[in-house]
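Since every read-out is calculated from the coordinates, none of them should be taken as a lab result. Computed from a predicted structure; not experimentally measured. Heads up, the Cβs are rebuilt from the backbone with ideal geometry, glycines too, and the neighbour counts pull from every protein chain shown.
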Amino acid sequence: MSGIGLVTLGIGGTLEVCAPPGIITIPMVRQAKRLGYLIGSCSDRPLGYQRELWERLQIPADFTVLKHRLADVKALFQAEAYYHIGDTEMDDSVASVAGFRFLKADATAHQWAPPLLAGRP
């Protein structure tokens, strides 16, 4: 699927509405979804928790996956680019092993967020 990017999000330390809160805002997630990105979560939190989070936010997640199963997402979805946004070294490691580009959820996000939100995978 040319032109489609896929973004997985950690939960705690990544999303603003979780504990601990992260820097990724819900409007940012909604904008990425509007631009056509496949969006979902990749966390060590139970799948039921992840699904309930997306339902509460009223954002239709394309997937939810446990962190150690990130490679399964790449096997299920064809995309032009694969990103994992997280806040830990474990996120970085899991993303690298699964073939995703790791984007750290910290103040440097402003360096990579605009291209994502502009629809450039």
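Tabulated values for the structure
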quantity: With at most 15 neighbouring Cβ atoms within 10 Å, loop GluC sites (Glu not before Pro) (DSSP) excluded, longest segment of the chain; calculated: 17-79
quantity: Correct option for Rg and Dmax of the Cα atoms in Å [calculated from the coordinates] among (i) 13.6, 45; (ii) 22.3, 86; (iii) 12.7, 35; calculated: (iii)
quantity: Calculated from backbone phi, Karplus (6.51, -1.76, 1.60) coupling profile of the range 74-79 in Hz, x at Gly/Pro; calculated: 5, 5, 8, 10, 8, 9
quantity: Relative contact order for the range 1-51, counting Cα pairs under 8 Å that sit 6 or more residues apart, in percent; calculated: 37 percent
